[in-house]
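Written below as structure tokens is the structure these notes are about.
The values are calculated or read from the model by the stated rules, or taken from the named source; none is laboratory data. All values reported here derive from a predicted model rather than from experimental measurement. Cβ: placed from backbone, ideal geometry, glycine included. Neighbour counts: every protein chain shown.
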Amino acid sequence: MLFKQMMEYVGLEPDRLQIRWISGSEGAKVAEVTREMTERIRALGPNTKMRDVK
Amino acid sequence: MKTVVDNLRREAARLLAGDEVKMVIGYAAGTDAARTTPCFATTPEQAALLTWGPLCANNLVKYLLDYRFEDTRLAVVVKGCDSRAVNRLLQDLQFPRQRLVVLGVPCGGQLDRASILSEIPPGARLQDIEDTGEDLVLVTDKGRLSFPKDRFLMDKCYRCETNMPVVADFLAGEPVPSPAREGFEHTAEVDGMEALDIADKSSFWDNEFSRCLRCTACRNACPACSCKECVFEQAVPGWQQSGIIGSKVNSLPENAVFHLIRMFHVTGRCVDCGECERVCPVGIPLRLLYRKVLKDARILYGAGTPGMSTETVSPLSEFRPDDPEEFM
């Protein structure tokens, strides 16, 4: 939570960070959370700020 | 000021002569009048080199870490802000209390070297700085310039929390008034930064971080950084460099990651001594980052400034059932 606020402070979208505690027996929840997260990131678009210049 | 220096020298000489300590870490006159240098006195004669004044900005507590694995007893000279770092190191068991003698000095604020030097007319040479208590007299070879002293203090001093050491075995002088001033809120700049929208924040910090040389001076001067092997210095083969969190690649995104990681690592450790910002060769406003952490830790976990006593627990090293929880 502290880290999320730090990300926001230096200008990163805080929604890119997600932490979940999921037990080993909750396989369905892993899939669900991952899908949710993927949707959210897709909506935010690529993270250009952290992309390395190469 | 004179008596403080005398007391300090006398106590240092006594400690060294009686073999109570092997070394006294203090300040000595520097290469010019507006500078002091860290001094490592090992004999009673060298104790006469010690000095104290409004130009002793260095936090000497960091040097203790160089001697943490030895068995000698050391004495260190601390100001109010540095003394918080002493408490932090003691708390982290980085230095045993019985091997440490803390020589406290009363601090009326430290001067900002750059702004003093900017007052000196071009071509003039600074010969001495006289401190009359309220005024500051810059003695140059082209005449004397007098200024009210509190125009030149370092920014952190206007927000001073403890101008007297919070831990000291020996106090070299009577308490002096705190340099803290009205109207300098602890979080004023942080609040201002938070109020910007995310694109402005992003471009502000991009601008700052793009200057970063990754010299790690901020880390080297930081009393909160006590790891033997820093995450940024782990041996990683070159072909893995861009794939790890603490990459050494000097590019804007990697610099931002470096500062984010440092920001997180000093949470609950940063005593706000301001050394990072002072030593930064490219002038990145680092305290603006770490004061944000201080503020958030205060709001989220009710944590006070670290190092005020050895009893305060760092917010990230304890769990309380009522801790705020966003991710569950």
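At-a-glance table
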| quantity | calculated |
| --- | --- |
| Those helices (runs of 4 or more DSSP H) lying entirely in the stretch B:139-246 with at least 2 residues within 14 Å of chain A (Cβ to nearest Cβ), at pLDDT 80 or above and under 24 Å from the mean Cα position of the chain (by Cα) | B:188-195, B:198-209 |
| Among the candidates A:Val53, A:Val10, residue that is modelled with pLDDT under 85, of a type in the set (A, V, I, L, M, F, W, C) and loosely packed, with under 10 Cβ neighbours inside 10 Å | A:Val53 |
| Residue that is modelled with the lowest pLDDT [pool: residues in the stretch A:18-33 that are of a type in the set (A, V, I, L, M, F, W, C) and farther than 24 Å from A:Leu44 by Cα] | A:Ile22 |
| Matching entry among B:Ile120, B:Ile116 (being part of a loop (DSSP other than H, G, I, E, B), surrounded by 13 or more Cβ atoms within 10 Å (Cβ to Cβ) and at pLDDT below 85) | B:Ile120 |
| Residue check for B:Gln127: of a type outside the set (D, E, K, R) and modelled with pLDDT of 85 or more | no |
| Pair list, Cβ < 9 Å and 6+ apart or interchain, from the stretch A:1-12 residues that are within 7 Å of another protein chain (Cβ to nearest Cβ) and over 15 Å from B:Thr267 (Cα atoms) to residues that are buried (at least 17 other Cβ atoms within 10 Å of the Cβ) and small (Gly, Ala, Ser) | A:Val10/B:Ser202; A:Val10/B:Ala256; A:Gly11/B:Ser202; A:Gly11/B:Ala256 |
| Verdict on B:Leu103 being surrounded by 18 or more Cβ atoms within 10 Å (Cβ to Cβ), over 19 Å from the mean Cα position of the chain (by Cα) and under 25 Å from B:Ala13 (Cβ atoms) | no |
| The stretch B:15-25, residues that are part of a loop (DSSP other than H, G, I, E, B) and either hydroxyl-bearing (Ser, Thr, Tyr) or crowded, with 21+ Cβ neighbours inside 10 Å (or both) | B:Val21 |
| Any hit, the stretch B:26-44, residues being surrounded by 23 or more Cβ atoms within 10 Å (Cβ to Cβ) and touching a residue at least 60 places away in the same chain (Cβ under 8 Å) | yes |
